[in-house]
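As structure tokens, the structure follows; a few thoughts come after it.
The values are calculated or read from the model by the stated rules, or taken from the named source; none is laboratory data. This structure is a prediction, so every number in the text was calculated from the model and none was measured. Virtual Cβ from ideal backbone geometry, glycine too; neighbours counted across all protein chains shown.
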């Protein structure tokens, strides 16, 4: 079996108006890696993530997960393997209670209620949100919504966790709790983010996107020390590094 769990080969994608969004992106991610995807606004980060579990289909090129091409006939298996967490948790939370939201994917898979209850309770306990299960999602804080959305994905037992701006809108304490939670999850993780200090805390590797292309690929220390690369891609070093240099 290949040690590369996620493989993207010469991926191209155009928006409906013909504007190129991805232009020949290629990379491989090993099982268990934590990888950040960074870049300025419009660099193609979210578009790339949406290809990893088939929300979007390539114009050309191939995406493979665990050796399977992300194609129509493989989508049920791909979506069991790749859990996607959107930038706005309100896009994922729509049921009357937290329990029902976390159970939604399991019920759609036809699992027995006893198994569903066990998985929901386990997932909520993992994210420290067991006390929220009877609450309506619209009454939760931003940080609570974020961890409940994660619990809904964890209940499906994916091997890959794909997250779009997971720390967006969180206060410092909620952000720190989220980073600690994600660091403890023994999954392959792909995180698109503008929070470069989160990258330092969580990720072993950084992919830099610029104008729909892969402009850099390396360890965080290497990427954030490359001033010319950061400037070209409309990025700055993490705030913690800027403070040390001042």
- Task: Run down 173, 134, 192, 129 and say which single residue is at pLDDT 95 or above and farther than 25 Å from residue 50 by Cβ.
- Result: 134
- What number of residues in the range 13-32 are part of a strand (DSSP E or B), surrounded by fewer than 23 Cβ atoms within 10 Å (Cβ to Cβ) and either more than 15 Å from the chain's Cα centre (by Cα) or at pLDDT below 95 (or both)? 10
- Task: Output the strands (runs of 3 or more DSSP E) that fall wholly within the range 33-112 and possess 3 or more residues being surrounded by fewer than 20 Cβ atoms within 10 Å (Cβ to Cβ), or say none.
- Result: 60-65
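Yes or no, residue by residue, for (1) in contact (Cβ under 8 Å) with a residue 60 or more places away in the chain; (2) crowded, with 16+ Cβ neighbours inside 10 Å; (3) closer than 22 Å to residue 64 by Cβ; (4) in contact with a strand residue (DSSP E or B) (Cβ under 9 Å, 6 or more places away or on another chain):
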| site | (1), (2), (3), (4) |
| --- | --- |
| 158 | yes, yes, yes, yes |
| 191 | yes, yes, yes, yes |
| 201 | no, yes, no, no |
| 227 | no, no, no, no |
- Note on the structure: residue 216: passes all of (1) touching a helix residue (DSSP H, G or I) at 6+ places or on another chain (Cβ under 8 Å); (2) assigned to a strand (DSSP E or B); (3) in contact (Cβ under 8 Å) with a residue 24 or more places away in the chain but (3)
- Determine whether the range 87-95 contains at least one residue that is free of Cβ contacts under 8 Å to residues at least 12 places away in the same chain, more than 20 Å from residue 184 (Cβ to Cβ) and over 16 Å from the mean Cα position of the chain (by Cα). no
- Note on the structure: Restricting the range 113-134 to residues that are buried (at least 16 other Cβ atoms within 10 Å of the Cβ), without any contact (Cβ under 8 Å) to a residue 40 or more places away in the chain and not in a helix (DSSP H, G or I), the one farthest from the chain's Cα centre (by Cα) turns out to be 133
- In the range 165-178, is there at least one residue being closer than 24 Å to residue 65 by Cβ and either in contact with a strand residue (DSSP E or B) (Cβ under 8 Å, 6 or more places away or on another chain) or part of a helix (DSSP H, G or I) (or both)? yes
- Query: For residue 194, which of the numbered conditions (1) under 17 Å from residue 34 (Cα atoms); (2) part of a loop (DSSP other than H, G, I, E, B); (3) touching a helix residue (DSSP H, G or I) at 6+ places or on another chain (Cβ under 8 Å) fails to hold?
  - Reply: (3)
